[in-house]
Amino acid sequence: MKNFEIILFCDSVVWTNTCCSHPLHIPTEMDTPKDVEDHSVMGVKRAAVRKLAHELGIEASEVPLENFKFLTRLHYWAADSVTHGPDSPWGEHEIDYVLFIQGFTWNFSKLC
């Protein structure tokens, strides 16, 4: 089911990720430096499951926490100046966790 609260770029050349995890500042979604070091990051994985349901309508049962693989974390900053010019209102500045999951099917056409 499409979430009309999020902005989609279905017919453009704008690069974007599949889904943002955006962990909440609550104990179950916060990770420590040790969690990042040992690649457990259960808080970010819980946030990803929550946001996959919110943004893409993917049920938690389809994306079990143990199936996520943490790849890395990075400092990300980008403005969409290609599409919107040098004074672009669109952009991001954040710490991103890159997670990978496979083993389920999903129909992208549900969104656009």
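Side notes on the structure shown:
- Taking the conditions (1) surrounded by 12 or more Cβ atoms within 10 Å (Cβ to Cβ); (2) of a type outside the set (Asp, Glu); (3) at pLDDT below 80 in turn, Asn17 satisfies each one other than (1).
- All positions within region 20-46 that are among the acidic types (Asp, Glu) and surrounded by fewer than 17 Cβ atoms within 10 Å (Cβ to Cβ): Asp35, Glu37, Asp38
Matching residues to (1) within 17 Å of Glu29 (Cβ to Cβ); (2) of a type in the set (S, T, N, Q):
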{"position": "Ile58", "(1), (2)": "no, no"}
{"position": "Val63", "(1), (2)": "yes, no"}
{"position": "Asn67", "(1), (2)": "no, yes"}
{"position": "Leu74", "(1), (2)": "no, no"}
{"position": "Ser88", "(1), (2)": "no, yes"}
{"position": "Gly91", "(1), (2)": "no, no"}
{"position": "Glu94", "(1), (2)": "yes, no"}
{"position": "Trp106", "(1), (2)": "no, no"}
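- Number of the condition not met by Ile26 [criteria: (1) under 16 Å from Asp96 (Cβ atoms); (2) at pLDDT 95 or above]: (1)
- Taken over region 77-98, the criterion of being within 29 Å of Met42 (Cβ to Cβ) and among the aliphatic types (A, V, I, L, M) is satisfied by Ala78, Ile95, Val98.
- Some residue of region 67-83 being small (Gly, Ala, Ser) and in contact with a Pro (Cβ under 6 Å, 6 or more places away or on another chain): no
The values are calculated or read from the model by the stated rules, or taken from the named source; none is laboratory data. Quantities reported herein were computed from a predicted structural model and do not represent experimental measurements. Here the Cβ is made from the backbone with ideal geometry for all residues, glycine too, and neighbour counts use every protein chain on show.
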